[in-house]
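The values are calculated or read from the model by the stated rules, or taken from the named source; none is laboratory data. This one's a predicted model, so the numbers in the text were calculated from it and none came from an experiment. Reconstructed Cβ throughout: ideal geometry from the backbone, glycine too, with neighbour counts over all protein chains shown. Remember, those area values only see protein heavy atoms, side chains included, never the ligands or the DNA or RNA. Shrake-Rupley method; radii C 1.70, N 1.55, O 1.52, S 1.80 Å.
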Amino acid sequence: MRILLTGSRGYIGTVMAPMLARAGHDVVGIDTDLYRKSTFGRWEEEIPTQVKDVRALQRSDLRGLDAVVHLAALSNDPLGDLDPRLTDEINHLASVRLAELARQAGVARFVFASSCSNYGAAGDAPVDETSALHPVTAYGRSKVRAEEDIRRLADGSFSPTFLRCATAYGVSPRHRFDVVLNNLVAWAFTSGKVLLKSDGTPWRPIVHIEDISRAFLAALAAPREAVHGEAFNVGRSDQNYRIREIAEIVKETVPGCEIAFAEGASPDARNYRADFGKIARVLPAFRPQWDARKGAQQLLEAYRTVGIRLEDFEGPRYRRIDQLKSLMASGNLGPDLRWIEEPGQAAQAAATPPRRGSCSACGAPLRHTFVDLGMSPLCESYVPEERLNEMERFYPLHAWVCGQCFLVQVEEYATPEEIFSEYAYFSSFSESWVAHMRRYAGDVAERFGLGRESLVVEVGSNDGYLLQHFAARGIPVLGIEPAANVARVAVERGIPTLVRFFGEETARQLVAGGRRADLLCGANVLAQVPRPRDFLAGVALLLADDGVCTFEFPHLLQLMAGNQFDTIYHEHFSYFSFLSAERLFAASGLVLFDVEELPTHGGSLRVYGRHAADTARPVTERVGALRQREVDAGLLRLETYDRFAEQTRETKRKLLEFLVGAKRAGKKVVGYGAPGKGNTLLNYCGIRGDFLDFTVDRSPYKQGKYLPGTHLPILAPEAIRQAKPDYVLILPWNLQEEIVKQMAHVREWGGRFVVPIPEVRVLE
């Protein structure tokens, strides 16, 4: 089953999660992580987990699940009594809402962690699942109400089950000292006293947290008809004890201790014995393996190993109420127990060093890592042979996501002048890209009625690859390109080109000279702008009152879905979703009235913009549909971005495993292409001459040079025919169809093509 485990970083969740996974389930977790400072001993999380409040879950979070195991709650009586209204909101109302969302999303099973506290003041006679419920605390009342309301949702496709757990005990990575056996062993070990805070007479059934986990496993595995809408007491009938009897077991377990009563110890209103016959009959797969004596011994050994002290377990680190009060006093947590920042933000910020900069779009501080690709050189800084022994500059390639506008971005370590004044990328060497832009030119010329009286301005016009198609139609054009070596090629083609960077100042100069653009366009330039607000202010100035601007850029949603981490490099400062782009354009008075989704560069967007005052072009349905799809995909939630880094690491591992296996088998591997994305991939993965003999590229500008960082030689494509490699690793994987067609002769000697993204794959 694919299971969502709520409360996965809690006292029970950290034990249950690996047990579910070992049983063969595909488990994902969510947790508010309020008690992240309460880790007990060593712990490594074994399931992917989002930091998220259960109250913030949406139906989209539950799609594709088979079951929800719902543990998350304010989970003890003192904590529940702190604010009974809030206890009901989280334990009752949020649980019912979660069950409703699960039913709407098609989740078949919903296993709810209830409690024997529901029986409250039940007296000395054993109570079973048919007994009256008499909760005496806010915690107990919230669980009873949740059971009642969730049970009403049961139908032919949605099956809830309620597991009323006895009082838990046992060692956990997120340990609790406020449950009776754990607490008494801790007092005995640290002080020599088994300190009772009641008169010791109330009954209390107890159950180990591993046995609780076994009960959930049994409920998930049981036939639907056996558990549909049913409640089960979870424990063993021989594990009902008076509190004084538990104290005697602790005294026998911990050498040299004595039983003592706290000042003012009095009877406890909670007094119940539980009958566990039903779970034994209906769920025979549930076989508890712990008893109080065995559990007390486990706790004692753990306390000795950790070296727990009285001031530790009675201090604020492990007292949940004190933890929450501390977070509220520090301003990190609101009175409603929600993080002041977005869910996941506080935990991520705690794990990430503060950044020296701020968001290039909205100015908010950047604290949230998207992915850290280590140290890398500028991806277009190809090394001539005479400089191979000189020092290269490496910069952190660390992508951040803004917690306010959700723009993904990298820091500006090298100025645009350093990067783009002489550039190694010539667009015309890609036949498929030139064909793509030819189609675009024809489409927009027809759609917007461009002719001899119009002006088309392209920003980042490169070698004239696009504007040549407008010029061929007799439409006046102007290119703006900062790389003089590339612009020179465009001028030689007859494309007038201004060699400078574009922004508000350049736009003012052009407007002062009487120029306004009827179409202002850019392809893969917006991502390369370190100061996008200045850039778009220039767009708004230069664009005619009834003009249209279009920009293409890789789509962040596709980048994440396709694991395209290699498209992140220093020359690309920003990575846009439609949502982040729309917000940025709006800040300059520009409305995105249409959008197209394109296959280029692994998935791109082409957005169409106009002045807000130009209402002649209404916003299309495609805009609203894409906006909603991104919202549903979680692009306005920080935790969505947290998963990308681990995807990246796994892709690296798989690629290296393939290359190691190929080289050990005596295979020859070479690269094809020397794109910026290839340099990110090779430097992040540490792939050098020990894995690739060389790479080739069609651009004469790159041939004879060496890749930055890895120093792999760049040869002409003919070198592949001479070397006859077993594998050709296609670095510009977005052009794989074009490359395979151009290099079809590789198959003549049995050579095969390999693409690394989204994960390594040998093309058949």
TODO: Quick one: in the stretch 602-616, of everything that is hydrophobic (A, V, I, L, M, F, W, C) and at pLDDT 95 or above, which residue is nearest to residue 518 (Cα to Cα)?
DONE: 607
Open item on the list: Need the failing condition index for residue 41 against (1) part of a loop (DSSP other than H, G, I, E, B); (2) modelled with pLDDT of 90 or more; (3) open to solvent by 40 Å² or more (accessible area, probe 1.4 Å), just the number.
Closed with: (2)
Task: Pairs with Cβ under 6 Å, 6+ apart, first in the stretch 726-741 and farther than 16 Å from residue 433 by Cα and touching a residue at least 12 places away in the same chain (Cβ under 8 Å), second among the hydroxyl-bearing types (Ser, Thr, Tyr) and open to solvent by less than 40 Å² (accessible area, probe 1.4 Å) - done: 728/672; 730/672
Task: Criterion violated by residue 764 - all others in (1) surrounded by fewer than 17 Cβ atoms within 10 Å (Cβ to Cβ); (2) at pLDDT 95 or above satisfied - done: (2)
Open item on the list: If I ask for residues that are over 30 Å from residue 393 (Cβ atoms) and of a type in the set (Val, Ile, Thr), which ones from the stretch 729-754 would you list?
Closed with: 739, 740, 746, 754
Task: Members of the stretch 537-564 found to be within 24 Å of residue 628 (Cβ to Cβ), in contact with a Leu (Cβ under 9 Å, 6 or more places away or on another chain), open to solvent by less than 10 Å² (accessible area, probe 1.4 Å) and not in a strand (DSSP E or B), listed by number - done: 556
TODO: Only residues that are modelled with pLDDT of 95 or more and part of a strand (DSSP E or B): list them for the stretch 481-521, please.
DONE: 517, 518, 519, 520, 521
Task: Test for residue 418: is it closer than 18 Å to residue 572 by Cα, charged (D, E, K, R), at pLDDT below 90 and open to solvent by 30 Å² or more (accessible area, probe 1.4 Å) - done: yes
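I'd like the residue in the stretch 702-718 that is of a type in the set (A, V, I, L, M) and without any contact (Cβ under 8 Å) to a residue 40 or more places away in the chain and, out of all such residues, is nearest to residue 686 (Cα to Cα).
715
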- [ ] Name every residue in the stretch 490-505 that is within 21 Å of residue 571 (Cα to Cα) and crowded, with 16+ Cβ neighbours inside 10 Å, in order of residue number.
- [x] 498, 499, 501, 502, 503, 504
Open item on the list: Let me spell it out: the conditions are (1) crowded, with 22+ Cβ neighbours inside 10 Å; (2) part of a strand (DSSP E or B), and residue 593 meets all of them except one. Which number is the exception?
Closed with: (1)
Open item on the list: If I filter the stretch 309-345 down to residues being surrounded by 15 or more Cβ atoms within 10 Å (Cβ to Cβ) and of a type in the set (Asp, Glu), which single residue comes out as modelled with the lowest pLDDT?
Closed with: 342
Task: Residue satisfying condition, being outside any loop (DSSP other than H, G, I, E, B) and either open to solvent by less than 20 Å² (accessible area, probe 1.4 Å) or touching a helix residue (DSSP H, G or I) at 6+ places or on another chain (Cβ under 8 Å) (or both), within set 157, 131, 114 - done: 114
Task: Output for the stretch 455-476, where each listed residue is open to solvent by less than 20 Å² (accessible area, probe 1.4 Å) and at negative phi - done: 456, 457, 458, 459, 461, 463, 465, 466, 467, 470, 475
Open item on the list: Taking the criterion of being among the aromatic types (Phe, Trp, Tyr), open to solvent by 20 Å² or more (accessible area, probe 1.4 Å) and either touching a residue at least 24 places away in the same chain (Cβ under 8 Å) or closer than 21 Å to residue 360 by Cα (or both), would at least one residue in the stretch 565-577 satisfy it?
Closed with: yes
- [ ] Take residue 663 and decide whether it is surrounded by fewer than 17 Cβ atoms within 10 Å (Cβ to Cβ), in contact with a Lys or Arg (Cβ under 8 Å, 6 or more places away or on another chain) and modelled with pLDDT of 95 or more.
- [x] no
- [ ] Starting from the stretch 145-160, keep only residues that are within 15 Å of residue 108 (Cα to Cα) and of a type in the set (Lys, Arg), then list their pairs with residues that are at pLDDT below 95 and assigned to a loop (DSSP other than H, G, I, E, B) whose Cβ atoms are within a distance under 7 Å, requiring at least 6 positions of separation or different chains.
- [x] none
Task: Which listed residue, of 33, 61, is surrounded by 20 or more Cβ atoms within 10 Å (Cβ to Cβ) and not in a helix (DSSP H, G or I) - done: 33
- [ ] Could you grab me the full set of residues in the stretch 216-246 that are over 20 Å from residue 126 (Cα atoms) and assigned to a helix (DSSP H, G or I)?
- [x] 216, 217, 218, 219, 220, 221, 224, 225, 226, 227
Open item on the list: Which count do you get for residues in the stretch 97-111 that are touching a Lys or Arg at 6+ places or on another chain (Cβ under 8 Å) and either aliphatic (A, V, I, L, M) or in a helix (DSSP H, G or I) (or both)?
Closed with: 5
Task: Top-ranked residue in the stretch 261-296 [being over 20 Å from residue 210 (Cα atoms) and buried (at least 16 other Cβ atoms within 10 Å of the Cβ); ranked as farthest from the chain's Cα centre (by Cα)] - done: 261
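Considering every residue within the stretch 47-61, establish whether at least one is within 20 Å of the chain's Cα centre (by Cα) and without any contact (Cβ under 8 Å) to a residue 40 or more places away in the chain.
no
Yes/no matrix, rows are residues, columns are (1) among the small types (Gly, Ala, Ser); (2) open to solvent by less than 60 Å² (accessible area, probe 1.4 Å); (3) at pLDDT 95 or above; (4) within 19 Å of the chain's Cα centre (by Cα):
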| residue | (1), (2), (3), (4) |
| --- | --- |
| 581 | yes, yes, no, no |
| 589 | yes, yes, no, no |
| 600 | no, yes, no, no |
| 618 | no, no, no, no |
- [ ] List every residue pair whose Cβ atoms lie under 9 Å apart, where the two residues are 6 or more positions apart in sequence or sit on different chains, the first residue falls within the stretch 506-520 and is over 22 Å from residue 444 (Cα atoms) and open to solvent by less than 70 Å² (accessible area, probe 1.4 Å), and the second residue, located anywhere, is among the β-branched types (Val, Ile, Thr) and assigned to a helix (DSSP H, G or I).
- [x] 507/539
Task: Tally, over the stretch 87-100, of residues that are open to solvent by less than 10 Å² (accessible area, probe 1.4 Å) and farther than 11 Å from residue 73 by Cα - done: 2
Open item on the list: Suppose we keep only residues that are assigned to a loop (DSSP other than H, G, I, E, B) and modelled with pLDDT of 90 or more within the stretch 461-480. Which one would you say is farthest from the chain's Cα centre (by Cα)?
Closed with: 474
